[in-house]
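Everything below concerns the one structure shown next.
The values are calculated or read from the model by the stated rules, or taken from the named source; none is laboratory data. Treat the numbers as computed from the prediction; the structure is a model and nothing was measured. Note that we place each Cβ from the backbone using ideal geometry, even for glycine, and neighbour counts take in every protein chain shown. Please note that ligands, DNA and RNA were not included when accessible areas were found on the heavy atoms of the full protein model with its side chains. Shrake-Rupley method; radii C 1.70, N 1.55, O 1.52, S 1.80 Å.
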Amino acid sequence: MKSISILDSEYKQWIKELSTRYRQSQIKAAVKVNEEMLRFYWRLGQDIVSMKADIRWGNNFFGNLSKDLKEFIPDATCFSRTNLVYMKNFYLLYKPFIEITQQPAEQNENSVIVQQVVEQIKNAENTQQLAKKNEDSLIVQQVVEQIKNDENTQQVAKKNESPVITQQVVEQIKNDENTQQVIEQNENSEFVQQVAEQIKKDIFSIPWGHHVLLIDKFLHDSPEKALFYVRETINNGWSRSVLLNSIKTKLDERKAKALNNFVNTLPDVTSDLAKEITKDPYNFAFTGVTGRYNERILKDALLANITDFLIELGTGFAYIGKEYRLQIGETENFIDLLFYNLKLSCYVVIEVKIGKFEFGDAGQLGGYVVACNHILRKAGRDNPTIGLLICKEKDRIQAQYALEASTQPIAISEYELEKFYPEKIEGTIPTIKEIETKLNELKDDK
């Protein structure tokens, strides 16, 4: 421990608290600086696009802009030609998601972009709150419909022999219906507006280096995937290297893809979250296992690379044990790998099989899940245990039948040991022209 001048316990504790508060304030300041910088980049990119500046002021516009900004702001280091192009592309990448609020509400309801955005962030806390508001509006609508059809209302209409009064009642109901439609349209517009604001908040919350990666990967191909990785970075606190690895292994195509029976075995909210923690396939290339191997070799390799294993499993997994012993009656049983998921507040039993999935695998895993619920699970603290079977290959129909037969929450996935290579190799090596262009950019940056 560092030496302290005044040897008083209260003083020492105060010094510790001050140092903690200072570090926290540094983090908050860094986050705020990052957000303001990204907002500046966004507005600069927006200016370039809206003014059509690169067309209006010639082919060397970015080089000239870089030179002039450095002249006017000599202490700034962000105005290289390359970075200015990234600022323009930063705006172009996320522009469709931010500007969805400018479309009529009717178009937004059927907009593919809106559907993708809502699907990606539906499990976020803010989005759940928005969904709750929409559920409440649905309940209100049902109440209005009930009132319109209420027996008392019908009796009032019958008792009113006057045609004028009856007509007034009819007009009132029509007005109520029109008012309800207006309310629904306004609520839809408000919902889309809130989604757009959440997206903007998200994209200003991750470092610029992460955005540069996403721009390179997704500007001209599936920009909605960029938004997926923005949210994953926020939710999991990814570094740039982890983000790059997740993109290379196509996490967007693997996440929440494992076959499971969670809808039938877990409460609605828990089943959605449980699905989100699964993948198919799992990427075990980090183990370095090649050639002939058995289950023990694979499991030892997974635990020898426990950090990479936990990253692949996802945020929230805490390792408890390997070959975890459970005394069931008079029989000793050993779970391959036992974890606890902090997000779900439940134990997760993982069984690793190096062969093809068989019906008996699901039965064994289901038995371990039941045993954990009886032996390990604490009432009021833990949610029901979940089972995850990771095998080398599976017949999807057979696996689905096994899941339907099981009353325990189970997911079945595969694993890959080989590196995840790009599907298309051509185009990954730069051409002479591309190299020359890059050299010219570097020359302009100086």
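Report in % the part of the accessible area of the range 222-376 that belongs to carbon and sulfur, leaving out ligands and nucleic acids; probe 1.4 Å. Intermediate results must be reported in sequence, preceding the final value.
On the way: 3520 of 6910 Å².
The nonpolar share, carbon plus sulfur, comes to 51 percent.
Quickly rank 306-313, 293-300 as a protection proxy: mean count of other C-beta atoms within 10 Å, highest first.
Values: 306-313: 16.4, 293-300: 14.5.
Going from most to least packed, we get 306-313, 293-300.
Let me check something: with ligands and nucleic acids excluded, how do ARG56, ARG396, ARG39, ARG254 order by accessible area (1.4 Å probe), largest to smallest?
Values: ARG56 155, ARG396 130, ARG39 70, ARG254 10 Å².
From most accessible down to least: ARG56, ARG396, ARG39, ARG254.
Which whole-number value in Å² is the accessible area per residue of the range 184-328, probe 1.4 Å? Please report the intermediate quantities before stating the final value.
Working: 6640 Å² over 145 residues.
Heavy-atom SASA per residue in the range 184-328 reads 46 Å².
Translational diffusion coefficient of the range 223-296 at 37 °C, 0.692 mPa s, Stokes-Einstein with Kirkwood Rh over Cα pairs, in µm²/s as a whole number.
Values: Rh = 14.4 Å.
Result for D is 229 µm²/s.
Please compute the modelled spin-label separation between VAL289 and VAL263, points set 7 Å along Cα→Cβ, answer in nm with one decimal.
With each label placed 7 Å out from Cα toward Cβ, I get 3.2 nm.
Give the accessible area for VAL85 in Å² (nearest 10); use a 1.4 Å probe, count only protein heavy atoms, and leave out ligands, DNA and RNA.
Its accessible surface works out to 40 Å², give or take rounding.
So which of LYS255/LYS299; LYS257/LYS394; LYS279/LYS353; LYS255/LYS343; LYS201/LYS279; LYS250/LYS353 end up more than 25 Å apart, counting from Cα to Cα? If you can, show how the numbers build up before the last one.
Numbers: LYS255/LYS299 22 Å; LYS257/LYS394 14 Å; LYS279/LYS353 16 Å; LYS255/LYS343 16 Å; LYS201/LYS279 27 Å; LYS250/LYS353 23 Å.
Those over the limit are LYS201/LYS279.
Starting from the Cα of ARG21, step 7 Å along the direction of its Cβ; do the same at PHE61; then give the gap between the two resulting points in nm.
Once both label points are built, they end up 5.0 nm from each other.
Quick one: how many Å² of THR249 are accessible to a 1.4 Å probe, rounded to 10?
Taking all protein chains as shown, THR249 has close to 10 Å².
With Cβ to Cβ distances under 14 Å as the rule, what net charge do the other residues near VAL49 carry (K, R +1; D, E -1)?
Local charge sum for VAL49: +2.
Sort the following peptides by mean Cβ neighbour count (other Cβ atoms within 10 Å, averaged over residues), highest first: 320-327, 26-33.
Working: 320-327: 13.8, 26-33: 10.5.
Per-residue Cβ counts within 10 Å, averaged per peptide and sorted highest first, yield 320-327, 26-33.
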